[in-house]
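The values are calculated or read from the model by the stated rules, or taken from the named source; none is laboratory data. As the structure is a prediction and not an experimental result, all values here were calculated from the model. Note: ideal-geometry Cβ built from the backbone for every residue, glycine included; neighbour counts use all protein chains shown. Surface areas here come from the heavy atoms of the whole protein model, side chains and all, with no ligands, DNA or RNA. Shrake-Rupley method; radii C 1.70, N 1.55, O 1.52, S 1.80 Å.
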Amino acid sequence: MGTAITTTYDSTKEMFRRIDVMDRFAQILGQRGARQYIGSVLMAVAFSPELQTCTGESILRCSLRAASLELSCDPALHQAQLVPFNNRKAGRKEAQLIIHYLGLVNLAQRTDKYRHINYGPIKEGMTITPNYLTGIHTITGAPIKDAKTLGYFAYFQMKNGFEKSEYMTIEEIHDHASTFSPSYNTSIVTGK
C-alpha cells in the first residue's frame, strides 16, 4: 500500500496548529481569541478549493495581517478576504489579503472620527446628481419595484465637518475592476 498524499490544505492545517504559529496569533488576539481566529481561517480555506491550492505561508501571512487589523477572515462577515492569485514569478498560487468594504467601514468607525458613513445601490426610479462645487451627490426619488441596480454610492461625513460622496455606475465599476483588479477576469470573480 502507498502512503497518503498530503494536500496543500492538510499542510496548511498542520502549520496553523504549530505552537509558534499559535503564539504569534495569541500575541495579537490573546490565547482564546487566537484559537477562534485560526479556526475561522481554516474554515474559510476548507470551503474554498481555490484557497486550498495556495501556499500555507501566504495564507498565514495574510491572516496574521488581518488579525492585526482586528478583521475577521470568516467569509460570512465580509471584513477581510483571502483571495488566491497566481504568482507567475514563483510558479505557485498565493493568498492575498483583500479588505472588503465592510472591513473598511469597520476600520473607519473604530477611529471615532466619522459622524456618518453610508453606502448603497442606486436603482431605477432614483436619480443621483453631483454637486461639482461641494463634491456631494444628491439622491432623489425612490426605487421602483424589482428595479434594476444602476450603480452604487458611498458617503461619509467626519466629526470635523468634512464630507465626501462618490458614485459609480455598474459599467464604471466593471471598467475599474478590469483595469485594477488582477482577479477580476478569473473564475473567482466572473465565473468563467
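Within segment 45-81, being closer than 11 Å to THR12 by Cβ and either in a loop (DSSP other than H, G, I, E, B) or open to solvent by less than 70 Å² (accessible area, probe 1.4 Å) (or both) holds for VAL45, ALA46, LEU51, GLN52, CYS54, THR55, GLY56, SER58, ILE59, LEU60, SER63.
Scanning segment 116-147 for residues that are under 13 Å from TYR167 (Cα atoms), of a type in the set (S, T, N, Q) and in a loop (DSSP other than H, G, I, E, B) yields a count of 1. Restricting segment 85-109 to residues that are free of Cβ contacts under 8 Å to residues at least 12 places away in the same chain and open to solvent by 50 Å² or more (accessible area, probe 1.4 Å) leaves a set whose member that is nearest to GLN157 (Cα to Cα) is GLN109.
For LYS123, the criteria (1) at pLDDT 95 or above; (2) open to solvent by less than 80 Å² (accessible area, probe 1.4 Å); (3) out of contact with any Lys or Arg (no Cβ under 9 Å at 6 or more places or on another chain) hold in every case but one, which is (3).
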